[in-house]
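Below you'll find the structure, written out as structure tokens, and then a few comments.
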Amino acid sequence: MAHVSTLSLTHFVKALFVSLGASDEDAQITADSLISADLQGIPSHGVMLLPMYTERILSGSVSVTATPTIMEDHGGLVVMCADNGLGQVSSAHAARICIERAKLHGIACVTVRDAFHFGTAGYWARQFSEVGMIGMAFSNTRPLMPAPGGAQRVVGNNPLAIAFPSATHEPLFIDMATSATAMGKIRLADSKGSPIPLGWATDSDGKPTTSAADAINGMLLPAAGPKGFGLAVAIDLLCGALSSGGLGSSVQPLYNNSQTPYNCAHTFIAIDANKTGNGSGIGNIVDGFKNQIRDSKKSTECDRIYAPGDLERLHEERMGSTCQLPDNVIAQLTTLSKSRDLGLELEIISTR
């Protein structure tokens, strides 16, 4: 592992996307999203994805010049087409429209079809909480999980995030996949040659496995069994059906098929909490509830209780002006720099 300068990493990622044809603004949006995941201790959704993003852009399945288009406008409900552009770019457009409409109507929903990977769902949900709104972000993925008792992938491990505004600028938020873990974490384990915990996934025959390689070729297991599976089905419909976009098996693999568009769908919902409480919002209430959680009685084996969002925030604070990356990811970025003739090197602050 190495700690690299976050500033140098940002310059690197932005320069990479600009070299691939993205505008400065769109490159910055995408870089911020990916690096935010690493800073918060979610490397499965961070810069380790850059080789895959680059391959897809060069293969033509992801456009760095696509402009999101409104296809249907019903006031508080908007349907957009991302036209296979960078997921972070279409999501930024969707979030802006969602905030504008929520200010008008109190609540708004923007759903996006023909979309691509958008980083962590939490990154987008927090965009709403920063302006005093309750924010929700959902996405569907290619089928990765079987139905309870099944041995065939039928639904994605579709992620969701919900963020609540805070008067102390520390939003309470959840950000989770509906599987026991994200496929990105399994790919990260595979890149390190590490085993995965039992209960995360099965092999291609539906047998539980601790092999990351077998899990990649197998199936993820739903979080909490049928509960996680049911939630994943609901999110698939909330994204794919509502947008008239990709649903179930029409969403394609992110890897190993770089010329075919991903075809996922996203849905964003904003609730303008600023309108409640006679205009005072809910920030103080959220902070009070967070403190109730943190101050609740601990078990004998627990040193500290965290409210949702605390761990990610504390990880980012510990990083300071640096970002922790595995050696193999740094090697991949170095290779990308050479292949794109960027002439950039990451500033290594420390290693361990």
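Scanning segment 158-178 for residues that are closer than 21 Å to residue 34 by Cα and either part of a strand (DSSP E or B) or more than 12 Å from the chain's Cα centre (by Cα) (or both) yields a total of 12. So for segment 62-76 (the condition being of a type in the set (Ser, Thr, Tyr), crowded, with 17+ Cβ neighbours inside 10 Å and in contact (Cβ under 8 Å) with a residue 60 or more places away in the chain), does at least one residue qualify? No - not one qualifying residue is present in segment 62-76.
Okay, residues lined up against (1) of a type in the set (Phe, Trp, Tyr); (2) within 21 Å of residue 161 (Cβ to Cβ); (3) without any contact (Cβ under 8 Å) to a residue 24 or more places away in the chain; (4) surrounded by 17 or more Cβ atoms within 10 Å (Cβ to Cβ):
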| site | (1), (2), (3), (4) |
| --- | --- |
| 293 | no, yes, yes, no |
| 300 | no, no, yes, no |
| 309 | no, yes, no, yes |
| 315 | no, yes, no, no |
| 319 | no, yes, no, no |
| 329 | no, no, no, yes |
| 333 | no, no, no, yes |
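If you go through segment 12-25 and pick out every residue that is in contact with a Leu (Cβ under 7 Å, 6 or more places away or on another chain) and within 28 Å of residue 314 (Cα to Cα), you end up with 2.
Applying the condition of being in a strand (DSSP E or B) and farther than 30 Å from residue 57 by Cβ to segment 78-115 and asking which residue is farthest from the chain's Cα centre (by Cα) yields 107.
Contact map, segment 340-352: first residue over 15 Å from residue 6 (Cα atoms), second residue surrounded by fewer than 15 Cβ atoms within 10 Å (Cβ to Cβ), Cβ cut-off under 7 Å, separation 6 or more or different chains; pairs are 352/1.
Any chance you could count how many residues in segment 190-244 are assigned to a helix (DSSP H, G or I), touching a residue at least 40 places away in the same chain (Cβ under 8 Å) and of a type in the set (A, V, I, L, M)? Walk me through it before giving the result.
Applying the first criterion (assigned to a helix (DSSP H, G or I)) to segment 190-244 yields 190-192, 212-216, 226-243.
Then drop every residue that is not touching a residue at least 40 places away in the same chain (Cβ under 8 Å), which leaves 191-192, 226, 228-229, 231-233, 235-236, 238-240, 242-243.
Still in the list and also of a type in the set (A, V, I, L, M): 231-233, 235, 238, 242.
Looking only at that region, the number is 6.
Matching residues to (1) part of a strand (DSSP E or B); (2) of a type outside the set (D, E, K, R); (3) outside the structural domain of residue 76 (by TED's automatic domain parsing):
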residue	(1), (2), (3)
270	yes, yes, no
281	no, yes, no
290	no, no, no
300	no, yes, no
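Restricting attention to segment 335-352, and to residues there that are surrounded by 15 or more Cβ atoms within 10 Å (Cβ to Cβ) and among the hydrophobic types (A, V, I, L, M, F, W, C), which single residue is nearest to residue 172 (Cα to Cα)? Steps first, please.
Taking segment 335-352 and keeping what is surrounded by 15 or more Cβ atoms within 10 Å (Cβ to Cβ), we get 336-337, 340, 342, 344, 346-347, 349.
Narrowing further to those that are among the hydrophobic types (A, V, I, L, M, F, W, C): 336, 342, 344, 346, 349.
Working: 336: 36, 342: 39, 344: 37, 346: 33, 349: 31 Å.
The selected residue is 349.
From the list 151, 94, the one residue that fits, being among the aliphatic types (A, V, I, L, M), out of contact with any Leu (no Cβ under 8 Å at 6 or more places or on another chain) and at pLDDT below 95, is 151. Residues of segment 34-77 that are assigned to a strand (DSSP E or B), touching a Cys at 6+ places or on another chain (Cβ under 9 Å) and within 21 Å of residue 256 (Cβ to Cβ): none at all.
Set side by side, the residues 106, 87 differ, and just one is at pLDDT 95 or above and in contact with a Lys or Arg (Cβ under 9 Å, 6 or more places away or on another chain), which is 106.
The values are calculated or read from the model by the stated rules, or taken from the named source; none is laboratory data. Keep in mind the model is a prediction, meaning the values are calculated, not measured. Note: ideal-geometry Cβ built from the backbone for every residue, glycine included; neighbour counts use all protein chains shown.
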